Amino acid sequence: MDNSYTLIRSRRKTLSLSVTPEGVVVRAPLRLARRDIDAFVESRRDWIAAQEAKITQRRLALADIPPLTQAQLAALKAQARAVFSQRAAHFAPLAGVRYGKITVRAQRTRWGSCSARGDLSFNCLLLLAPPEVLDSVVVHELCHILEHNHSPRFYAQVLRVFPDYRQWNAWLKAHGPELMRRLGA
C-alpha cells in the first residue's frame, strides 16, 4: 500500500477510515496534525490491504458474469410479473395495505419503488436472487404505502411483516452489483 489517501476534514472528534474502489478515504478532525493522521493510516496498513484485495476480487468476479440476452431478459420480465403479483398479494394483507398496479422493469439502479398512489414497481433481476430477497423487497415497497420514508416506524412495519428483512437486505447489498451486471454495460 502506498501512503496516498483522500483526506476529508470536518468538525468531527474521531478519525475514520474507509476503502472504496476509488481509494482510501480518511475523515479527520479539523485541527488534527497530519503526522497523526499518517500514523493512523499506517497502523491500519494490513486492514487496508485486505480491503483492497476484496475490492479487486469483487471487480474480477463481476467481469466474468455474462449479461442477459434480450430474449432472456424478456422471459425474465414475463415470469417476474406473475411472481411479483403473487408475492404482493401474499404480503399485502399481512402489512395491512392495498396496492395499485404492479410494473416490472429491468432497472440499473433500483430494486423497487412505490408511488404516492400505491403503485409498485420491481426489478426483474430479483428473480435471480434467493426468494427471500425478492420477498424482502416486496415487503419493503408495500410498507412504503404506510410510511413514505425510511424512518424507524417504517422499518418497524417491515420487520413486523418480514422479521428476516435485515439478513436478506444485507444479501442484496452484498450481491446486488453482480445481479445488476447481468444487464450488461
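Selection of the range 161-185 for residues being among the charged types (D, E, K, R) and in contact (Cβ under 8 Å) with a residue 40 or more places away in the chain yields Glu178, Arg181, Arg182.
Scan the range 155-176 for residues that are in contact with a helix residue (DSSP H, G or I) (Cβ under 6 Å, 6 or more places away or on another chain) and of a type outside the set (A, V, I, L, M) and report the count. Before you say what the answer is, go through the steps one by one.
Within the range 155-176, the first condition is being in contact with a helix residue (DSSP H, G or I) (Cβ under 6 Å, 6 or more places away or on another chain), and the residues that meet it are 157-159, 161-162, 165, 168-169, 171-172.
From the residues that got through so far, the ones that are of a type outside the set (A, V, I, L, M) too are 157, 162, 165, 168-169, 171.
Of the residues in the range 155-176, 6 are in contact with a helix residue (DSSP H, G or I) (Cβ under 6 Å, 6 or more places away or on another chain) and of a type outside the set (A, V, I, L, M).
Residues that are closer than 30 Å to Arg58 by Cβ, at pLDDT 95 or above and charged (D, E, K, R) occur in the range 165-181; there is at least one. A single member of Leu17, Leu32 is part of a strand (DSSP E or B) and hydrophobic (A, V, I, L, M, F, W, C), and it is Leu17.
Considering Leu94, Leu60, the condition of being modelled with pLDDT under 95 and either hydrophobic (A, V, I, L, M, F, W, C) or out of contact with any strand residue (DSSP E or B) (no Cβ under 9 Å at 6 or more places or on another chain) (or both) is satisfied by Leu60 alone.
Within the range 66-114, the residues that satisfy the criterion of being within 14 Å of Arg182 (Cα to Cα) and of a type in the set (Val, Ile, Thr) are Thr69, Thr109.
Restricted to the range 1-32, and to residues that are surrounded by 10 or more Cβ atoms within 10 Å (Cβ to Cβ) and more than 28 Å from the chain's Cα centre (by Cα), which residue is modelled with the lowest pLDDT?
Step one: list which residues in the range 1-32 are surrounded by 10 or more Cβ atoms within 10 Å (Cβ to Cβ), which gives 1, 5-9, 12, 15-20, 23-29, 32.
Those still in the list that are more than 28 Å from the chain's Cα centre (by Cα) too: 1, 29, 32.
Working: Met1: 43, Pro29: 96, Leu32: 96.
Filtering first and then ranking leaves Met1.
Scan the range 42-55 and give yes if some residue there is surrounded by 15 or more Cβ atoms within 10 Å (Cβ to Cβ), in a helix (DSSP H, G or I) and outside the structural domain of Arg12 (by TED's automatic domain parsing), otherwise no. Checking the range 42-55: not a single residue is surrounded by 15 or more Cβ atoms within 10 Å (Cβ to Cβ), in a helix (DSSP H, G or I) and outside the structural domain of Arg12 (by TED's automatic domain parsing).
The values are calculated or read from the model by the stated rules, or taken from the named source; none is laboratory data. All values derive from a computational prediction rather than experimental measurement. All Cβ positions, even for glycine, are placed from backbone atoms using ideal geometry, and neighbour counts span all protein chains on display.
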